[in-house]
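Worksheet for the structure shown next.
The values are calculated or read from the model by the stated rules, or taken from the named source; none is laboratory data. Bear in mind the structure is a predicted one, so any value in this text is a computation, not a measurement. All Cβ positions, glycine included, derive from the backbone under ideal geometry; neighbour counts span all protein chains shown.
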Amino acid sequence: MEPKPLKKPFTEVPGQRQVRSFVLRQGRLTQGQERALDEQWPRFGLDYTGTVRDFNAAFGRSAPLVLEIGFGNGEQLLFAAQNEPGKNLVGLEVHAPGVGRLLQGAAELGVDNLKAYCHDAVEVLHHEVADASVDEVRIYFPDPWHKKRHHKRRLVQPEFVALLARKLKPSGLLHLATDWEDYARQMLEVCGAEPTLRNQGGADGTIERPQWRRQTHFETRGLKLGHGVWDLLFERIG
């Protein structure tokens with residue numbers, strides 16, 4: 001399904017605030033997920049240390065660095081690991097069941113270009129990711145906090161976008177996707193106001209789903225409910 005055009009420009013600029021990348025809602029670990037965390041963490045896991053990390057050393061090779069923030073159950077990250085073998089992929093997720101499921105899948109596929117944090121992305125970005133070191137940041141279907149009074153909890157806020165832009169290399173890419181139209185407007189407004197980012201979209205500021213992002217089960221379910229899906233792509237300039 002083609003992305004629906006946005007009905008009108010989003011004009012409200014959310015206020016500056018300290019953003020966390022999540023609200024913790026831990027589910028129960030299955031036995032398989034718990035076993036994967038125990039057995040596969042040394043292979044795929046990255047422990048938060050609070051110091052700048054050499055990701056090339058972590059992967060044992062030099063390759064473009066891609067961060068996926070809030071990877072959920074890891075479906076997209078596993079797809080990327082299989083289809084983009086020339087990139088070092090790092091997932092950031094706080095929910096242990098999702099991390100466990102990702103590690104299960106990574107072990108079954110035998111991929112070697114994937115690592116994961118089970119830690120808040122904002123802290124990882126601030127303390128473990130060097131400025132101008134990331135080739136791509138991907139954020140797919142973040143929690144929309146659809147009630148207006150909860151919009152301040154949304155991840156894509158000016159402070160967070162400025163942090164992402166600082167971590168991107170020149171010409172690095174920030175790719176966002178959502179199935180909530182008003183969140184797409186907010187993303188366009190917030191990212192468009194960041195002076196170091198340039199929108200790569202068309203007349204309405206969006207792009208068609210690129211080949212590196214698969215259509216997830218979450219997205220398929222939304223499309224069946226009649227939701228639109230919007231992909232936004234911004235390039236780091238300067």
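Quick notes on this one:
- Pairing each residue of the stretch 148-168 that is within 19 Å of SER133 (Cα to Cα) and in contact (Cβ under 8 Å) with a residue 40 or more places away in the chain with any residue that is of a type outside the set (Asp, Glu) and buried (at least 22 other Cβ atoms within 10 Å of the Cβ), provided the two are 6+ apart or on different chains, yields C-beta distances under 7 Å for ALA165/LEU197; ALA165/ARG236; LYS167/VAL129; LYS167/VAL134; LEU168/VAL134; LEU168/VAL137; LEU168/LEU174; LEU168/ARG236.
- Residue within the stretch 113-122 that is acidic (Asp, Glu) and at pLDDT below 95 present: no
- Test set (1) surrounded by 12 or more Cβ atoms within 10 Å (Cβ to Cβ); (2) out of contact with any helix residue (DSSP H, G or I) (no Cβ under 7 Å at 6 or more places or on another chain); (3) modelled with pLDDT of 95 or more - LYS4 fails condition number: (3)
- When residues of the stretch 213-238 are limited to those that are modelled with pLDDT under 90 and of a type in the set (D, E, K, R), the one surrounded by the fewest Cβ atoms within 10 Å (Cβ to Cβ): LYS224
- Only one entry of ALA203, ALA165, ALA130 meets the criterion of being of a type in the set (Gly, Ala, Ser) and under 16 Å from the mean Cα position of the chain (by Cα), and that entry is ALA165.
- Scanning the stretch 39-74 for residues that are surrounded by fewer than 18 Cβ atoms within 10 Å (Cβ to Cβ) and in contact with a Gly (Cβ under 9 Å, 6 or more places away or on another chain) yields a total of 2.
- Any hit, the stretch 193-212, residues being surrounded by fewer than 18 Cβ atoms within 10 Å (Cβ to Cβ), closer than 15 Å to GLU68 by Cβ, in contact with a helix residue (DSSP H, G or I) (Cβ under 8 Å, 6 or more places away or on another chain) and at pLDDT 95 or above: yes
- Annotation: ARG149 fulfils all but one of (1) farther than 21 Å from GLN82 by Cβ; (2) part of a loop (DSSP other than H, G, I, E, B); the unmet one is (2).
- Helices (runs of 4 or more DSSP H) fully within the stretch 152-238 counting 1 or more residues that are of a type in the set (D, E, K, R) and farther than 23 Å from GLY72 by Cα: 158-167, 181-193
- Boolean, TRP180 is buried (at least 21 other Cβ atoms within 10 Å of the Cβ) and touching a Ser or Thr at 6+ places or on another chain (Cβ under 6 Å): no
- Within the option set ASP135, ASP182, ASP131, being touching a Gly at 6+ places or on another chain (Cβ under 8 Å) and either at pLDDT below 95 or not hydrophobic (A, V, I, L, M, F, W, C) (or both) holds for one residue only, ASP135.
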